[in-house]
Amino acid sequence: MSLPPILISPSVLDSDLSRLSEEVGRIESADLVHLDVMDNHFVPNLTFGLPVVQRLLEHTSMRADVHLMIENPDTWATAYAEAGAASVTFHAEASRAPVKLARELRERGARAAVALRPATPVEPYLDLLPELDMILVMTVEPGFGGQSFIDGVLPKIARTRAAIDALGADIWIQVDGGVSRQTIGRAADAGANVFVAGSAVYRADDPAAEIATLRELATASWTR
Ligand code: DX5
Ligand code: ZN
């Protein structure tokens with residue numbers, strides 16, 4: 001079985017959002033750009049929504065990795081796929097019909113992904129893995145950048161990777177929250193292959209160098 005790619009997806013949450021297009025230009029050496037959409041209902045924070053994502057995608061050639069922290073993704077998520085997002089992630093806790101939604105996203109040309117808050121078990125989703133292109137295992141409570149990585153979710157990442165390996169499927173595992181030089185190795189060792197990093201990249205003096213370092217550390221820890 002081929003190894004999944006090691007991908008770095010910086011989150012713009014910690015960037016200067018008043019200059020979003022320029023800020024995305026600073027991370028072009030990354031594999032994806034992670035866009036955190038928050039509605040102040042699913043999480044206690046508010047960022048940006050569809051009009052901003054649509055306009056941004058007109059101004060960048062980067063592939064967008066949209067993370068929807070919103071209620072009613074069943075209603076809103078497909079529009080992000082239609083806007084050209086390469087990947088659309090919705091929360092398991094918010095979707096009423098995750099299989100239907102995943103199929104709708106794939107029909108629109110996006111990779112379909114389900115996100116799990118730290119206390120949400122992966123087991124109810126394991127039989128549905130063939131419907132998905134990625135599982136996002138949150139390594140903080142969603143809502144804010146700059147929080148500490150929760151080591152307690154590492155066993156969930158490992159169980160998810162074991163289930164994917166057993167299927168022989170090409171399904172990615174993303175980690176998001178507190179990913180840094182100090183933590184990325186543990187996440188990769190557990191089986192994650194897509195790494196979101198917000199503050200680690202945007203607070204670095206040289207974001208491109210930080211992306212390269214994170215990629216090297218993750219690759220070195222992929223021991224399987
Ligand atoms: C948090 C967001 C993350 C956030 C990560 O709810 O989903 O994408 O930007 O920020 P850091 O890397 O600073 O934890
Ligand atoms: Zn995110």
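The values are calculated or read from the model by the stated rules, or taken from the named source; none is laboratory data. This structure is a prediction, so every number in the text was calculated from the model and none was measured. In this analysis, Cβ positions are derived from the backbone assuming ideal geometry, glycine residues included, and neighbour counts consider all displayed protein chains. The area values use the complete protein model at the heavy-atom level, side chains included, leaving out ligands, DNA and RNA. Shrake-Rupley method; radii C 1.70, N 1.55, O 1.52, S 1.80 Å.
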Inset, instruction - Filter region 124-141 down to residues that are within 13 Å of the chain's Cα centre (by Cα) and open to solvent by 10 Å² or more (accessible area, probe 1.4 Å), then give me how many there are. - result: 1
Inset, instruction - Can you run down the residue pairs with Cβ atoms below 6 Å, 6 or more apart or on separate chains, where the first is in region 207-224 and without any contact (Cβ under 8 Å) to a residue 40 or more places away in the chain and the partner is open to solvent by less than 60 Å² (accessible area, probe 1.4 Å)? - result: Glu210/Val201; Glu210/Ala204; Leu217/Ile184; Leu217/Gly185; Ser221/Gly185; Ser221/Ala188
Legend entry - Which numbered condition Met38 fails, given (1) crowded, with 17+ Cβ neighbours inside 10 Å; (2) more than 22 Å from Val194 (Cα to Cα); (3) in contact with a Gly (Cβ under 9 Å, 6 or more places away or on another chain): (2)
Inset, instruction - Select the helices (runs of 4 or more DSSP H) contained entirely in region 128-220, then report the ones holding at least 3 residues which are more than 10 Å from ligand 1 (Cβ to nearest atom) and touching a Gly at 6+ places or on another chain (Cβ under 6 Å). - result: 154-167
Legend entry - Odd one out for Ala85, checked against (1) in a loop (DSSP other than H, G, I, E, B); (2) surrounded by fewer than 20 Cβ atoms within 10 Å (Cβ to Cβ): (2)
Inset, instruction - For region 2-18, name all the residues that are part of a loop (DSSP other than H, G, I, E, B) and either touching a strand residue (DSSP E or B) at 6+ places or on another chain (Cβ under 9 Å) or within 9 Å of ligand 1 (Cβ to nearest atom) (or both). - result: Pro4, Pro5, Ile6
Legend entry - Enumeration of residues in region 96-127 that are more than 16 Å from ligand 1 (Cβ to nearest atom) and charged (D, E, K, R): Arg96, Lys100, Arg103, Glu104, Arg106, Glu107, Arg108, Arg111, Glu123, Asp127
Inset, instruction - Could you check, for region 139-152, whether at least one of its residues is of a type in the set (A, V, I, L, M) and over 19 Å from Asn45 (Cβ atoms)? - result: no
Inset, instruction - Of all residues in region 62-82, count the ones that are among the charged types (D, E, K, R) and either in contact with a Lys or Arg (Cβ under 8 Å, 6 or more places away or on another chain) or buried (at least 24 other Cβ atoms within 10 Å of the Cβ) (or both). - result: 3
Legend entry - Within region 144-177, tally of residues that are more than 15 Å from Ala115 (Cβ to Cβ) and touching a Ser or Thr at 6+ places or on another chain (Cβ under 6 Å): 3
Inset, instruction - Hey, could you check region 1-22 for residues that are over 15 Å from Ala187 (Cβ atoms) and among the hydrophobic types (A, V, I, L, M, F, W, C) and say which is most open to solvent (accessible area, probe 1.4 Å)? - result: Met1
Legend entry - So Thr183, is it at pLDDT 95 or above, β-branched (Val, Ile, Thr), open to solvent by less than 60 Å² (accessible area, probe 1.4 Å) and more than 27 Å from Ala110 (Cα to Cα): yes
Inset, instruction - Check region 44-61 and report whether any residue there is open to solvent by less than 10 Å² (accessible area, probe 1.4 Å) and not in a helix (DSSP H, G or I). - result: no
Inset, instruction - Six or more apart or on different chains, Cβ under 7 Å: which pairs go from a residue in region 170-191 that's on the phi > 0 side of the Ramachandran plot to one that's within 10 Å of ligand 1 (Cβ to nearest atom) and open to solvent by 10 Å² or more (accessible area, probe 1.4 Å)? Could you list them? - result: Gly177/Gln147; Gly177/Phe149; Gly178/Gln147; Gly178/Ser148; Gly178/Phe149
